[in-house]
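Data first, discussion second: the structure below is written as C-alpha coordinates.
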Ligand code: SF4
(Lines give C-alpha, C1' and ligand atoms only; values in the text may rest on other atoms or scores of the structure.)
Protein backbone atom coordinates (compact mmCIF):
# COMPACT_ATOMS: atom_id res chain seq x y z
CA UNK A 1 0.00 0.00 0.00
CA UNK A 2 1.02 3.51 -0.50
CA UNK A 3 -0.55 6.16 1.65
CA UNK A 4 -0.06 9.76 0.62
CA UNK A 5 -1.84 12.67 2.20
CA UNK A 6 -1.73 16.16 0.77
CA UNK A 7 1.84 17.44 0.89
CA UNK A 8 2.97 14.45 2.91
CA UNK A 9 6.17 12.80 1.88
CA UNK A 10 5.66 9.30 3.18
CA UNK A 11 5.06 5.83 1.83
CA UNK A 12 3.61 3.50 4.44
CA UNK A 13 3.45 -0.20 3.77
CA UNK A 14 3.15 -2.63 6.68
CA UNK A 15 4.11 -5.57 4.41
CA UNK A 16 6.72 -4.02 2.13
CA UNK A 17 9.41 -1.38 2.07
CA UNK A 18 8.50 1.77 3.89
CA UNK A 19 10.29 5.04 3.44
CA UNK A 20 9.50 7.96 5.66
CA UNK A 21 11.23 11.16 4.74
CA UNK A 22 8.98 13.40 6.75
CA UNK A 23 7.87 12.12 10.16
CA UNK A 24 5.96 15.33 10.80
CA UNK A 25 3.69 14.35 7.91
CA UNK A 26 2.61 11.26 9.87
CA UNK A 27 1.28 13.41 12.70
CA UNK A 28 -1.22 14.90 10.30
CA UNK A 29 -1.86 11.74 8.30
CA UNK A 30 -2.57 9.43 11.24
CA UNK A 31 -3.51 11.92 13.97
CA UNK A 32 -0.33 11.10 15.91
CA UNK A 33 0.81 13.44 18.70
CA UNK A 34 4.36 14.24 19.72
CA UNK A 35 5.86 12.13 22.50
CA UNK A 36 7.07 15.41 24.03
CA UNK A 37 3.47 16.04 25.20
CA UNK A 38 3.66 13.16 27.69
CA UNK A 39 7.38 12.64 28.26
CA UNK A 40 7.33 14.30 31.70
CA UNK A 41 4.65 11.82 32.84
CA UNK A 42 6.59 8.73 31.74
CA UNK A 43 8.35 7.15 34.73
CA UNK A 44 12.04 6.57 33.86
CA UNK A 45 11.56 6.93 30.10
CA UNK A 46 13.41 4.34 28.04
CA UNK A 47 16.32 5.34 25.81
CA UNK A 48 13.96 5.09 22.82
CA UNK A 49 11.70 7.69 24.44
CA UNK A 50 14.51 9.97 25.69
CA UNK A 51 16.10 9.99 22.24
CA UNK A 52 12.76 10.53 20.44
CA UNK A 53 13.13 7.23 18.59
CA UNK A 54 9.61 6.91 19.95
CA UNK A 55 8.52 10.06 18.17
CA UNK A 56 4.78 10.04 18.71
CA UNK A 57 1.79 8.48 20.37
CA UNK A 58 -1.96 8.11 20.23
CA UNK A 59 -3.82 8.35 23.55
CA UNK A 60 -0.87 7.29 25.69
CA UNK A 61 -2.48 9.32 28.50
CA UNK A 62 -5.04 6.54 29.03
CA UNK A 63 -2.27 4.12 30.01
CA UNK A 64 -0.45 6.71 32.10
CA UNK A 65 -3.71 7.43 33.96
CA UNK A 66 -4.03 3.69 34.69
CA UNK A 67 -0.42 3.56 35.96
CA UNK A 68 -0.91 6.61 38.20
CA UNK A 69 -4.28 5.35 39.52
CA UNK A 70 -2.99 1.80 40.09
CA UNK A 71 -5.50 0.34 37.62
CA UNK A 72 -4.97 -2.57 35.22
CA UNK A 73 -3.91 -2.01 31.61
CA UNK A 74 -2.26 -4.08 28.91
CA UNK A 75 0.64 -3.70 26.55
CA UNK A 76 0.25 -5.60 23.33
CA UNK A 77 2.49 -6.36 20.39
CA UNK A 78 3.78 -9.29 18.45
CA UNK A 79 6.11 -10.67 15.87
CA UNK A 80 5.74 -12.25 12.45
CA UNK A 81 7.84 -15.42 12.83
CA UNK A 82 9.44 -15.17 9.39
CA UNK A 83 13.05 -15.01 10.56
CA UNK A 84 15.40 -14.50 13.48
CA UNK A 85 14.75 -11.74 16.00
CA UNK A 86 16.57 -8.63 14.78
CA UNK A 87 17.35 -5.34 16.49
CA UNK A 88 14.05 -3.78 15.33
CA UNK A 89 12.13 -6.62 17.03
CA UNK A 90 14.36 -6.12 20.09
CA UNK A 91 13.35 -2.46 20.27
CA UNK A 92 9.63 -3.29 20.29
CA UNK A 93 10.18 -6.12 22.81
CA UNK A 94 12.06 -3.75 25.13
CA UNK A 95 9.20 -1.27 24.94
CA UNK A 96 6.73 -4.03 25.85
CA UNK A 97 8.94 -4.92 28.80
CA UNK A 98 9.13 -1.22 29.78
CA UNK A 99 5.33 -0.96 29.96
CA UNK A 100 5.02 -4.37 31.64
CA UNK A 101 7.41 -3.26 34.39
CA UNK A 102 5.62 0.06 35.06
CA UNK A 103 2.98 -1.60 37.21
CA UNK A 104 2.29 -5.01 38.83
CA UNK A 105 -1.20 -4.66 37.30
CA UNK A 106 0.13 -4.57 33.75
CA UNK A 107 -0.48 -7.48 31.42
CA UNK A 108 1.72 -8.06 28.36
CA UNK A 109 0.01 -9.73 25.42
CA UNK A 110 2.48 -11.05 22.85
CA UNK A 111 1.22 -12.52 19.63
CA UNK A 112 3.14 -14.74 17.22
CA UNK A 113 1.61 -13.75 13.89
CA UNK A 114 1.87 -17.05 12.05
CA UNK A 115 -1.22 -16.32 9.93
CA UNK A 116 0.51 -13.18 8.71
CA UNK A 117 3.68 -15.16 7.93
CA UNK A 118 1.52 -17.55 5.89
CA UNK A 119 -0.24 -14.73 4.02
CA UNK A 120 2.74 -12.43 3.50
CA UNK A 121 5.69 -14.85 3.24
CA UNK A 122 3.92 -18.06 2.16
CA UNK A 123 5.56 -19.67 5.16
CA UNK A 124 4.15 -22.97 6.43
CA UNK A 125 2.84 -23.21 9.99
CA UNK A 126 5.48 -25.89 10.73
CA UNK A 127 8.24 -23.47 9.76
CA UNK A 128 6.60 -20.68 11.81
CA UNK A 129 6.46 -23.00 14.82
CA UNK A 130 10.26 -23.45 14.83
CA UNK A 131 10.93 -19.74 14.34
CA UNK A 132 8.35 -18.82 16.98
CA UNK A 133 10.22 -20.81 19.65
CA UNK A 134 13.42 -18.98 18.76
CA UNK A 135 11.67 -15.56 18.72
CA UNK A 136 9.90 -16.10 22.03
CA UNK A 137 13.17 -17.30 23.62
CA UNK A 138 14.65 -13.92 22.61
CA UNK A 139 11.79 -11.94 24.20
CA UNK A 140 12.13 -13.92 27.42
CA UNK A 141 15.91 -13.44 27.43
CA UNK A 142 15.36 -9.68 27.02
CA UNK A 143 13.36 -9.72 30.25
CA UNK A 144 9.66 -10.26 29.51
CA UNK A 145 8.07 -11.69 32.65
CA UNK A 146 6.02 -14.72 31.53
CA UNK A 147 3.95 -14.70 34.74
CA UNK A 148 2.41 -11.38 33.70
CA UNK A 149 2.18 -12.14 30.01
CA UNK A 150 -0.02 -13.98 27.56
CA UNK A 151 2.05 -15.36 24.70
CA UNK A 152 0.19 -17.11 21.88
CA UNK A 153 0.18 -18.15 18.26
CA UNK A 154 -2.62 -16.71 16.12
CA UNK A 155 -3.31 -20.12 14.57
CA UNK A 156 -4.02 -21.58 18.03
CA UNK A 157 -6.08 -18.66 19.30
CA UNK A 158 -9.56 -19.53 18.07
CA UNK A 159 -11.26 -16.44 19.48
CA UNK A 160 -9.09 -14.01 17.46
CA UNK A 161 -10.10 -15.84 14.28
CA UNK A 162 -13.77 -15.71 15.32
CA UNK A 163 -13.52 -12.02 16.15
CA UNK A 164 -11.80 -11.29 12.84
CA UNK A 165 -14.82 -12.86 11.15
CA UNK A 166 -17.20 -10.75 13.24
CA UNK A 167 -15.27 -7.56 12.41
CA UNK A 168 -15.18 -8.42 8.71
CA UNK A 169 -18.94 -7.75 8.58
CA UNK A 170 -18.26 -4.00 8.83
CA UNK A 171 -15.40 -3.90 6.35
CA UNK A 172 -15.71 -3.51 2.60
CA UNK A 173 -13.14 -4.12 -0.10
CA UNK A 174 -13.03 -0.37 -0.81
CA UNK A 175 -12.21 0.38 2.81
CA UNK A 176 -9.33 -2.11 2.90
CA UNK A 177 -8.08 -0.97 -0.50
CA UNK A 178 -8.07 2.65 0.73
CA UNK A 179 -5.97 1.69 3.76
CA UNK A 180 -3.69 -1.03 2.36
CA UNK A 181 -3.84 -0.74 -1.42
CA UNK A 182 -4.72 -3.62 -3.73
CA UNK A 183 -3.51 -6.66 -1.77
CA UNK A 184 -4.49 -10.33 -1.51
CA UNK A 185 -7.47 -11.26 0.63
CA UNK A 186 -4.99 -13.23 2.78
CA UNK A 187 -3.30 -9.97 3.78
CA UNK A 188 -6.62 -8.21 4.33
CA UNK A 189 -7.69 -11.13 6.51
CA UNK A 190 -4.43 -11.10 8.46
CA UNK A 191 -4.96 -7.35 9.06
CA UNK A 192 -8.39 -8.16 10.54
CA UNK A 193 -6.85 -10.89 12.70
CA UNK A 194 -4.38 -8.26 13.95
CA UNK A 195 -7.32 -6.05 14.88
CA UNK A 196 -8.63 -8.95 16.97
CA UNK A 197 -5.14 -9.46 18.47
CA UNK A 198 -4.98 -5.82 19.57
CA UNK A 199 -8.46 -5.97 21.08
CA UNK A 200 -7.93 -9.39 22.73
CA UNK A 201 -6.76 -7.96 26.11
CA UNK A 202 -10.09 -6.10 26.30
CA UNK A 203 -12.20 -9.25 26.08
CA UNK A 204 -13.85 -10.94 29.06
CA UNK A 205 -11.08 -13.58 29.23
CA UNK A 206 -8.78 -10.76 30.38
CA UNK A 207 -11.27 -8.95 32.61
CA UNK A 208 -13.05 -6.78 30.00
CA UNK A 209 -12.26 -3.35 28.56
CA UNK A 210 -9.01 -1.78 29.71
CA UNK A 211 -6.44 0.64 28.25
CA UNK A 212 -4.10 -1.11 25.83
CA UNK A 213 -0.83 0.35 24.57
CA UNK A 214 0.63 -1.00 21.33
CA UNK A 215 4.29 -0.07 20.65
CA UNK A 216 4.81 -0.27 16.89
CA UNK A 217 7.09 0.75 14.06
CA UNK A 218 5.83 3.76 12.12
CA UNK A 219 4.94 1.52 9.17
CA UNK A 220 2.29 -0.22 11.29
CA UNK A 221 0.27 2.98 11.82
CA UNK A 222 -2.49 1.87 9.36
CA UNK A 223 -3.24 -1.16 11.60
CA UNK A 224 -3.89 1.10 14.59
CA UNK A 225 -6.16 3.33 12.54
CA UNK A 226 -8.15 0.31 11.33
CA UNK A 227 -8.36 -1.16 14.84
CA UNK A 228 -9.63 2.06 16.37
CA UNK A 229 -12.14 2.44 13.57
CA UNK A 230 -13.51 -1.09 14.10
CA UNK A 231 -13.50 -0.71 17.90
CA UNK A 232 -15.61 2.46 17.50
CA UNK A 233 -18.15 0.55 15.40
CA UNK A 234 -18.59 -2.14 18.08
CA UNK A 235 -20.19 -0.04 20.80
CA UNK A 236 -21.72 -3.16 22.37
CA UNK A 237 -18.22 -4.32 23.40
CA UNK A 238 -17.45 -1.01 25.22
CA UNK A 239 -13.85 -1.05 23.99
CA UNK A 240 -11.46 1.62 25.19
CA UNK A 241 -9.85 2.70 21.93
CA UNK A 242 -6.32 1.27 21.90
CA UNK A 243 -3.34 3.59 22.35
CA UNK A 244 -0.04 3.37 20.46
CA UNK A 245 3.53 4.58 20.49
CA UNK A 246 5.32 4.97 17.15
CA UNK A 247 8.99 4.21 16.58
CA UNK A 248 11.28 5.60 13.92
CA UNK A 249 12.57 3.08 11.41
CA UNK A 250 16.25 2.30 11.54
CA UNK A 251 18.22 2.26 8.31
CA UNK A 252 20.04 -0.77 7.03
CA UNK A 253 23.78 -1.13 7.81
CA UNK A 254 24.35 -0.80 4.09
CA UNK A 255 22.77 2.66 4.18
CA UNK A 256 19.43 1.67 2.60
CA UNK A 257 16.46 3.55 3.97
CA UNK A 258 14.92 0.66 5.93
CA UNK A 259 16.41 -2.35 7.61
CA UNK A 260 14.68 -5.47 6.33
CA UNK A 261 14.76 -9.20 7.07
CA UNK A 262 15.15 -9.55 3.30
CA UNK A 263 18.67 -8.01 3.43
CA UNK A 264 20.71 -10.01 6.02
CA UNK A 265 23.93 -7.96 5.57
CA UNK A 266 21.99 -4.83 6.50
CA UNK A 267 20.69 -5.95 9.87
CA UNK A 268 21.90 -7.46 13.12
CA UNK A 269 19.93 -10.47 14.32
CA UNK A 270 20.12 -11.55 17.93
CA UNK A 271 21.11 -15.04 16.75
CA UNK A 272 23.97 -13.76 14.54
CA UNK A 273 27.37 -15.25 15.17
CA UNK A 274 29.12 -12.42 17.11
CA UNK A 275 32.10 -12.45 14.71
CA UNK A 276 29.81 -12.24 11.69
CA UNK A 277 27.96 -9.31 13.30
CA UNK A 278 31.29 -7.65 13.99
CA UNK A 279 32.20 -7.92 10.30
CA UNK A 280 28.85 -6.39 9.28
CA UNK A 281 29.55 -3.36 11.49
CA UNK A 282 33.06 -3.00 10.07
CA UNK A 283 31.57 -2.93 6.55
CA UNK A 284 28.75 -0.54 7.46
CA UNK A 285 27.95 2.78 5.84
CA UNK A 286 29.29 5.72 7.86
CA UNK A 287 29.17 9.49 7.83
CA UNK A 288 32.93 9.71 7.46
CA UNK A 289 34.70 12.11 5.10
CA UNK A 290 36.70 11.17 2.02
CA UNK A 291 40.05 11.33 3.80
CA UNK A 292 41.47 11.33 7.32
CA UNK A 293 42.72 14.87 6.73
CA UNK A 294 39.22 16.11 5.85
CA UNK A 295 37.66 14.22 8.75
CA UNK A 296 40.07 15.87 11.19
CA UNK A 297 39.35 19.29 9.67
CA UNK A 298 35.59 19.09 9.18
CA UNK A 299 34.54 16.33 11.58
CA UNK A 300 32.31 13.40 10.60
CA UNK A 301 28.56 13.46 9.97
CA UNK A 302 26.83 11.30 12.60
CA UNK A 303 23.42 12.22 11.16
CA UNK A 304 24.36 10.24 8.03
CA UNK A 305 26.19 7.44 9.84
CA UNK A 306 24.44 4.09 10.26
CA UNK A 307 27.00 2.94 12.84
CA UNK A 308 26.08 5.93 15.01
CA UNK A 309 22.41 5.16 14.44
CA UNK A 310 22.88 1.54 15.61
CA UNK A 311 24.69 2.72 18.75
CA UNK A 312 22.02 5.34 19.46
CA UNK A 313 19.04 3.05 18.82
CA UNK A 314 20.33 -0.17 20.25
CA UNK A 315 23.71 -0.55 21.80
CA UNK A 316 24.63 2.43 24.02
CA UNK A 317 22.28 2.84 26.96
CA UNK A 318 24.17 5.65 28.68
CA UNK A 319 23.38 9.11 27.25
CA UNK A 320 26.75 10.60 28.25
CA UNK A 321 28.65 7.84 26.51
CA UNK A 322 26.59 8.41 23.37
CA UNK A 323 27.22 12.15 23.57
CA UNK A 324 30.95 11.46 23.74
CA UNK A 325 30.75 9.52 20.47
CA UNK A 326 28.72 12.32 18.88
CA UNK A 327 31.03 15.12 20.01
CA UNK A 328 34.17 13.16 19.09
CA UNK A 329 32.71 12.62 15.64
CA UNK A 330 31.63 16.17 14.82
CA UNK A 331 34.88 17.68 16.11
CA UNK A 332 37.05 15.30 14.09
CA UNK A 333 38.59 13.78 17.21
CA UNK A 334 37.15 10.35 16.25
CA UNK A 335 38.01 8.55 13.05
CA UNK A 336 35.74 5.97 11.46
CA UNK A 337 38.16 3.03 11.63
CA UNK A 338 38.60 2.96 15.42
CA UNK A 339 35.01 4.12 15.94
CA UNK A 340 33.64 1.16 13.93
CA UNK A 341 36.01 -1.22 15.72
CA UNK A 342 34.65 -0.02 19.07
CA UNK A 343 31.03 -0.34 17.88
CA UNK A 344 31.74 -3.83 16.48
CA UNK A 345 33.11 -4.93 19.85
CA UNK A 346 30.09 -3.52 21.74
CA UNK A 347 27.72 -5.39 19.40
CA UNK A 348 29.68 -8.68 19.56
CA UNK A 349 29.79 -8.52 23.35
CA UNK A 350 26.05 -7.79 23.53
CA UNK A 351 25.29 -10.78 21.31
CA UNK A 352 27.52 -13.12 23.31
CA UNK A 353 25.72 -12.19 26.54
CA UNK A 354 22.25 -12.32 25.00
CA UNK A 355 22.85 -15.69 23.37
CA UNK A 356 24.04 -17.12 26.66
CA UNK A 357 20.70 -16.04 28.23
CA UNK A 358 18.53 -17.30 25.34
CA UNK A 359 20.06 -20.77 25.52
CA UNK A 360 18.38 -21.00 28.92
CA UNK A 361 15.01 -19.57 27.83
CA UNK A 362 14.54 -21.85 24.78
CA UNK A 363 12.86 -24.75 26.68
CA UNK A 364 10.49 -22.33 28.45
CA UNK A 365 9.61 -20.67 25.13
CA UNK A 366 8.63 -24.06 23.67
CA UNK A 367 6.59 -24.96 26.74
CA UNK A 368 4.72 -21.63 26.70
CA UNK A 369 3.91 -21.90 23.00
CA UNK A 370 2.66 -25.47 23.43
CA UNK A 371 0.38 -24.73 26.37
CA UNK A 372 -0.36 -20.98 26.04
CA UNK A 373 -1.04 -20.62 29.81
CA UNK A 374 -3.34 -17.76 30.81
CA UNK A 375 -1.69 -15.36 33.28
CA UNK A 376 -3.24 -14.30 36.54
CA UNK A 377 -5.67 -11.48 35.80
CA UNK A 378 -5.44 -8.60 38.32
CA UNK A 379 -8.79 -7.80 40.01
CA UNK A 380 -10.64 -4.70 38.74
FE1 LIG B 1 30.17 7.35 12.25
FE2 LIG B 1 32.03 7.08 14.11
FE3 LIG B 1 32.69 7.74 11.59
FE4 LIG B 1 31.45 9.47 13.15
S5 LIG B 1 33.49 8.65 13.49
S6 LIG B 1 30.96 9.02 11.02
S7 LIG B 1 30.10 8.15 14.37
S8 LIG B 1 31.77 5.80 12.28
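Data overview
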{"item": "Filter result for residue 242 (under 30 Å from residue 66 (Cβ atoms), away from the ligand (no atom under 12 Å from the Cβ) and surrounded by 15 or more Cβ atoms within 10 Å (Cβ to Cβ))", "result": "yes"}
{"item": "Some residue of the stretch 368-375 being outside any loop (DSSP other than H, G, I, E, B), surrounded by 13 or more Cβ atoms within 10 Å (Cβ to Cβ), more than 10 Å from the ligand (Cβ to nearest atom) and more than 26 Å from the chain's Cα centre (by Cα)", "result": "no"}
{"item": "Filter result for residue 345 (outside the structural domain of residue 154 (by TED's automatic domain parsing), exposed (fewer than 14 other Cβ atoms within 10 Å of the Cβ) and either away from the ligand (no atom under 12 Å from the Cβ) or over 19 Å from residue 255 (Cα atoms) (or both))", "result": "yes"}
{"item": "Pair list, Cβ under 9 Å, 6 or more apart: the stretch 297-320 residue more than 22 Å from residue 278 (Cα to Cα) and touching a residue at least 60 places away in the same chain (Cβ under 8 Å), other residue more than 9 Å from the ligand (Cβ to nearest atom) and in a helix (DSSP H, G or I)", "result": "319/47; 319/50"}
{"item": "Scan of the stretch 28-54 for residues that are at positive phi and either without any contact (Cβ under 8 Å) to a residue 12 or more places away in the chain or exposed (fewer than 14 other Cβ atoms within 10 Å of the Cβ) (or both), ordered by number", "result": "44"}
{"item": "In the stretch 305-330, the residues that are farther than 24 Å from residue 269 by Cβ and near the ligand (Cβ under 10 Å from one of its atoms)", "result": "326, 328, 329, 330"}
{"item": "Matching option when the condition is more than 16 Å from residue 213 (Cα to Cα) and not assigned by TED's automatic domain parsing to the domain that holds residue 318, among 71, 44, 62", "result": "44"}
{"item": "Residue check, residue 275 away from the ligand (no atom under 16 Å from the Cβ) and not assigned by TED's automatic domain parsing to the domain that holds residue 196", "result": "yes"}
{"item": "Boolean, residue 333 is within 30 Å of residue 130 (Cα to Cα) and either within 11 Å of the ligand (Cβ to nearest atom) or at pLDDT 95 or above (or both)", "result": "no"}
{"item": "Residue count for the stretch 64-79, restricted to those that are part of a loop (DSSP other than H, G, I, E, B), out of contact with any strand residue (DSSP E or B) (no Cβ under 8 Å at 6 or more places or on another chain) and touching a residue at least 12 places away in the same chain (Cβ under 8 Å)", "result": "2"}
{"item": "Any hit, the stretch 280-291, residues being surrounded by fewer than 18 Cβ atoms within 10 Å (Cβ to Cβ) and away from the ligand (no atom under 16 Å from the Cβ)", "result": "no"}
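The values are calculated or read from the model by the stated rules, or taken from the named source; none is laboratory data. Quantities reported herein were computed from a predicted structural model and do not represent experimental measurements. For neighbour counting, all protein chains shown are included, and Cβ atoms are generated from backbone atoms with ideal geometry for every residue, glycine included.
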